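These notes are about the structure you will find just below.
The values are calculated or read from the model by the stated rules, or taken from the named source; none is laboratory data. Because the structure is predicted, anything quoted here is derived from the model rather than measured. Please note: Cβ atoms are built from the backbone with ideal geometry, for glycine as well, and neighbour counts cover all protein chains shown. Quick note on the areas: whole protein, heavy atoms, side chains included, nothing else; ligands and nucleic acids left out. Shrake-Rupley method; radii C 1.70, N 1.55, O 1.52, S 1.80 Å.
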Amino acid sequence: MVDSHGRTIRDLRISITDRCNFRCVYCMEPDVRFASQEALLTVDEIIRVATVAESLGVRKVRLTGGEPTLHPHLTALIAGLSSASGVEIAMITNASLLKRDALREWKAAGLKRMTVSIDSLRPDRFARLTRSSASPHQVLKGVELSLIEGLTPVKLNAVLIRGFNDDEAVELAALSRTFGVEMRFIEYMPLDSGHAWDSSKWVSASETRTTIERTFPLIPCDDDDPSSTARTFRFADLRADSPARIGFIAPVSTPFCGACSRLRLTADGQVRPCLFSTTEWDIRSPLRNGATDEELADFLIDATWTKQPGHGISSLGFRQPERPMSAIGG
Ligand code: SAM
Ligand code: SF4
């Protein structure tokens, strides 16, 4: 699948539920409204879309949400995706509910990799940030279990918000060294359900890098995949082959739209050519109205063709999409 700007689609991000046990301040307001149960795609519908996408060249699927681990049939979904579509399956989670048995089941069903979000290591702040009673300890336990169960490479994600948790950049970066994983800092994007984003709360990737380098000098890695969202760095005091790395995902300050290979499917069956799309393509209707695989393939090809050249966050006419990140699937 190629869009009208010549970009090839290889990655499908699937939000498998819009529900979450957290209400992170940069993502979901406490009173966010969820889609009705009937509106959500079933396991079979998700597998069907992924299988058609695979026939069009998609090679990786990332399960996201909301919180994907809340999905009631997650093992069946992973197993079905793995056997029907053969794509590489990764998942991103807040890790607060991870249990060893479930991780084993998902791995056996075909899950390959895990990304875990962690924005603060201070229990009181973590609770305020996630508006939950969970603790950073639970999340770190989830990271450890994911490593033990071989869902590797495990990656960690953090969003820094000025005046909230930006003073933890170095401690979060140090997690990379503790666990031997890549710790990625994502720039805060205007995708929160409360529309509370403003540039004064935003911390640029370059500022974060400067802060980290006061403690841990970094060296750019030269093996980044060009379509990857992250630019990665290794620690100057560690061996070049150490798995401990720092990644910066800078969609606001350094958009990577030119190399984007992603398409998104929301939990309620809308195809979004871009995180910031203001137009969605309703694939749930053809799915439920007896469309053939060829018709679904044409649908995905057409939706992909409309992928916008860039998100335009910095342009004057920028409009924040109605859906928050939790409904789009980050
Ligand atoms: N609940 C899971 C989690 O938190 O990892 C998966 C879904 S969450 C929407 C996926 C990723 O989006 C997380 O790493 C989260 O930090 C990020 N995210 C959510 N809202 C964001 C925002 N406004 N700006 C930047 N990243 C955001
Ligand atoms: Fe839930 Fe993830 Fe959004 Fe936090 S970032 S509210 S954990 S979906």
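Data overview
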{"quantity": "Accessible surface ranking that places the most exposed of Asp166, Asp3 first, with a 1.4 angstrom probe", "calculated": "Asp166, Asp3"}
{"quantity": "Carbon + sulfur, % of accessible area of the range 263-308 - ligands and nucleic acids excluded, 1.4 Å", "calculated": "48 percent"}
{"quantity": "Largest to smallest principal axis extent of the C-alpha atoms in the range 64-168, angstrom", "calculated": "46, 24, 23"}
{"quantity": "The chain - charge dipole about Cα centre, Lys and Arg +1 at Cβ, Asp and Glu -1, debye rounded to 20", "calculated": "600 debye"}
{"quantity": "Efficiency of FRET between Ser200 and Lys99 - r from beta-carbon atoms, R0 51 angstrom, step 0.05", "calculated": "0.80"}
{"quantity": "Residue-level accessible surface for Arg284, protein heavy atoms, 1.4 Å, Å²", "calculated": "60 Å²"}
{"quantity": "Residue list for the range 272-309, given a label point 7 angstrom along the Cα-to-Cβ vector of Asp44 and an amide N cut-off under 16 Å", "calculated": "284-293"}
{"quantity": "Three semi-axes of the equivalent ellipsoid, the range 11-328, Cα gyration tensor, whole Å, largest first", "calculated": "30, 22, 20"}
{"quantity": "Residue order for Ile219, Ile47, Ile118 - accessible surface, 1.4 angstrom probe, largest first", "calculated": "Ile219, Ile47, Ile118"}
{"quantity": "Computed E for Thr278/Asp222 - FRET, C-beta separation, R0 51 angstrom, nearest 0.05", "calculated": "0.90"}
{"quantity": "Phe256 - accessible surface, heavy atoms, 1.4 Å probe, Å² rounded to 10", "calculated": "50 Å²"}
{"quantity": "Segment Ala240-Asp298, extension gain: residue separation times 0.36 nm, minus the distance between their alpha carbons", "calculated": "16.4 nm"}
{"quantity": "Sequence-distant residues sharing a close amide H with Glu182 (under 5 Å, placed H)", "calculated": "Leu156, Arg245"}
{"quantity": "Area accessible to solvent at His195, 1.4 Å probe radius, in Å²", "calculated": "90 Å²"}
{"quantity": "Solvent-accessible ranking of Ser285, Ser176, Ser204, largest area first, probe 1.4 Å", "calculated": "Ser285, Ser204, Ser176"}
{"quantity": "Difference of contour (0.36 nm per residue) and Cα-Cα distance, Thr152 to Val2", "calculated": "51.1 nm"}
{"quantity": "Centroid-to-centroid separation of the range 98-159 and the range 4-46 [C-alpha atoms, Å]", "calculated": "19 Å"}
{"quantity": "Of all DSSP beta bridges in the range 11-328, antiparallel share, percent nearest 5", "calculated": "30 percent"}
{"quantity": "Solvent-accessible area per residue for the chain (1.4 angstrom probe, square angstrom)", "calculated": "42 Å²"}
{"quantity": "Gaussian network model of the chain, springs between alpha carbon atoms under 10 Å - residue of Asn157, Asn21, Asn289 with greatest fluctuation", "calculated": "Asn289"}
{"quantity": "Residues of type lysines that Lys107 reaches as a straight line, Cα spacing below 24 Å, ignoring anything fewer than 8 places off in the same chain", "calculated": "Lys60, Lys99, Lys141, Lys155"}
